[in-house]
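First comes the structure, then the notes that go with it.
The values are calculated or read from the model by the stated rules, or taken from the named source; none is laboratory data. This one's a predicted model, so the numbers in the text were calculated from it and none came from an experiment. Every residue, glycine as well, gets a Cβ built from its backbone with ideal geometry; the counts of neighbours run over all protein chains shown.
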Amino acid sequence: MFSNRNLLPIGVFILLRIMSVQVILGAQWGDEGKGKIVDLLSDNIDITARYQGGANAGHTIIYENNQYVLHLIPSGIFNNNVICVIGNGVVFDPEAFLKELQMLKNLNIDFKNRILISHNAHLIMPYHKILDRIKENKIDKIGTTGMGIGPAYVDKASRIGIKTLDLLDKKILKEKIKKNLQYYNDLFQKIYNTKPVNENEMISQYEMYASQIEDFITDTSLYLNNAIKSGKRIIAEGAQGTLLDIDHGTYPFVTSSNPTAGGVCIGLGIPPTSITSILGVVKAYCTRVGEGPFPTELNNELGEKIRRIGAEYGATTGRPRRCGWFDAFALKYSIMINGIQKLAVTKLDVLNDFDEIFICTSYEYEGKAIKTFPTDILSLGAITPVYERFEGWKTDISGVKRFEDLPENAIKYLSAIEKYTGVGISIVSVGSKREQTIIVEN
Ligand code: GDP
Ligand code: IMO
Ligand code: MG
């Protein structure tokens, strides 16, 4: 007979075995280095799963000393034992996916039986990309990636979306494309005065995609729930970042999905109780691509210096990223929205050569401190960031392996981030390669 005391450790053990979804997400405006961190941590796990966004993401990984960018396939793919899931919350672009597969083939990466695409993921269609560009040029400029993300999510919400499941039935696929093209071609010709999309070409293009993709399509929610039950370790990989979240970001200058932790369950079809930890990835400074308010932006030489040293150009579009100081006040908001328990601070090495570095600790509006990060763009545009100044460390830290070997000023800087946010740092990244990572012991 077990006594209660004996049962407790077994219970805790079972709980840990059963619940093992680790969320890794961006806590700023995207491009925080999620790809590197997910690739690194997938060494020890069974499954990586993307839960939202699409090929607007650009997750960079250094593999055998070369740099590769993943847009749709989760960042675990470079670890041979990891299964990669593209969840129902993703808007799936077959063209981008097949390009990525070709890249993996060229690298001799064995992806057979390692990539699963949700049958409920919605497809990006050529008319989504056309409409994305029309909206950018003729209506409101958000500075999108032009990958058709917004229009695809619009179709999903208005219930005219075409799912990957539809690729499995030629007749249904054809009917849905025909129906949608009636609407879109009317819109393009009558409202926007642009060329219609050729129906037959699109149908044969998507039939071709179907033949190449059908074997990857499955019920990934069922797969993941079974994996959770059998104690598999899963990373849910966010794309974009918290401040680009359609509900919690700086609307309308956001993406059209939920990169925040709440998006994980919806976008993978797994229960909230399966999530065990939430890691927020942040750069040691801030960047933003596209339009929208950015309180700590440096529109000067310092911003250019960060961009140059940090190679801050979009991994998807090549656009220069806007750069600015670290915003601890915005991060506190991100931590609240996501329930972030630990931080991974990336690109600390980019600040090696600065005499002084600043952290934004709070915002003032009309001379008074405000309580929380305002997501409405008018308020956000009107606040004044309050900074604390730090001495730079003026040393190359890109080879440092242990936290205690970092220069004192770098430790002071990281400690201030912990102090202002109340959250501990568990990973410090000092270069783009896997080995340029410090795992913080305490
Ligand atoms: P993601 O979208 O969050 O995955 O980030 P991106 O891949 O778009 O951008 C991050 C960029 O920084 C990539 O070029 C990475 O190779 C690079 N990177 C990641 N971590 C570090 C780091 O610690 N130091 C430096 N110098 N570069 C890094
Ligand atoms: P990763 O996953 C940074 C930005 C765009 C634009 C806004 C809306 O690499 O961090 P969209 O094409 O999504 O409709 O564009 O969102 N954006 C990103 N910025 N990193 C990303 O992804 C982004 N994906 C979209 O620049 O401002
Ligand atoms: Mg990116």
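Within segment 149-166, which residues are in contact (Cβ under 8 Å) with a residue 60 or more places away in the chain and more than 19 Å from G292 (Cα to Cα)? Write out each step before concluding.
Start the filter on segment 149-166 by keeping residues that are in contact (Cβ under 8 Å) with a residue 60 or more places away in the chain, which leaves 149-150, 152-154, 156, 164.
Answer for segment 149-166, where residues must be in contact (Cβ under 8 Å) with a residue 60 or more places away in the chain and more than 19 Å from G292 (Cα to Cα): A152, Y153, V154, K156, T164.
Any chance you could count how many residues in segment 198-224 are in contact with a His (Cβ under 7 Å, 6 or more places away or on another chain) and closer than 20 Å to L101 by Cβ? I'd like the intermediate steps shown before the answer.
First pass over segment 198-224, keeping only residues in contact with a His (Cβ under 7 Å, 6 or more places away or on another chain): 217-219.
This time we only want the ones that are closer than 20 Å to L101 by Cβ, so: 217-218.
Final tally of qualifying residues: 2.
Looking at A49, A55, which one is in a strand (DSSP E or B), modelled with pLDDT of 95 or more and more than 9 Å from ligand 1 (Cβ to nearest atom)? Give the derivation first.
Values: A55 fails: in a strand (DSSP E or B).
Step by step, each of A49, A55 is checked, and only A49 is in a strand (DSSP E or B), modelled with pLDDT of 95 or more and more than 9 Å from ligand 1 (Cβ to nearest atom).
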Output for segment 127-165, where each listed residue is surrounded by 17 or more Cβ atoms within 10 Å (Cβ to Cβ) and not in a helix (DSSP H, G or I)
I142, T144, T145, M147, G148, G161, I162, K163
I142: under 22 Å from the mean Cα position of the chain (by Cα), within 16 Å of ligand 3 (Cβ to nearest atom) and not assigned by TED's automatic domain parsing to the domain that holds V82, yes or no?
no
Being buried (at least 24 other Cβ atoms within 10 Å of the Cβ) and at pLDDT 95 or above, is that true of even one residue in segment 103-118?
yes
Go through segment 298-314 and count every residue that is in contact with a Ser or Thr (Cβ under 9 Å, 6 or more places away or on another chain) and either more than 16 Å from ligand 3 (Cβ to nearest atom) or under 22 Å from Y387 (Cα atoms) (or both).
3
Condition first: within 26 Å of G58 (Cα to Cα) and either charged (D, E, K, R) or free of Cβ contacts under 8 Å to residues at least 60 places away in the same chain (or both). Now tell me which residues in segment 212-245 satisfy that.
E214, D215, D219, R233, E237, D245
Any residue that is among the charged types (D, E, K, R), crowded, with 18+ Cβ neighbours inside 10 Å and in contact (Cβ under 8 Å) with a residue 40 or more places away in the chain - is there at least one of those in segment 302-310?
no
Please pick out the residue among A328, A284 that is buried (at least 20 other Cβ atoms within 10 Å of the Cβ), farther than 30 Å from I117 by Cβ and within 16 Å of ligand 1 (Cβ to nearest atom).
A284
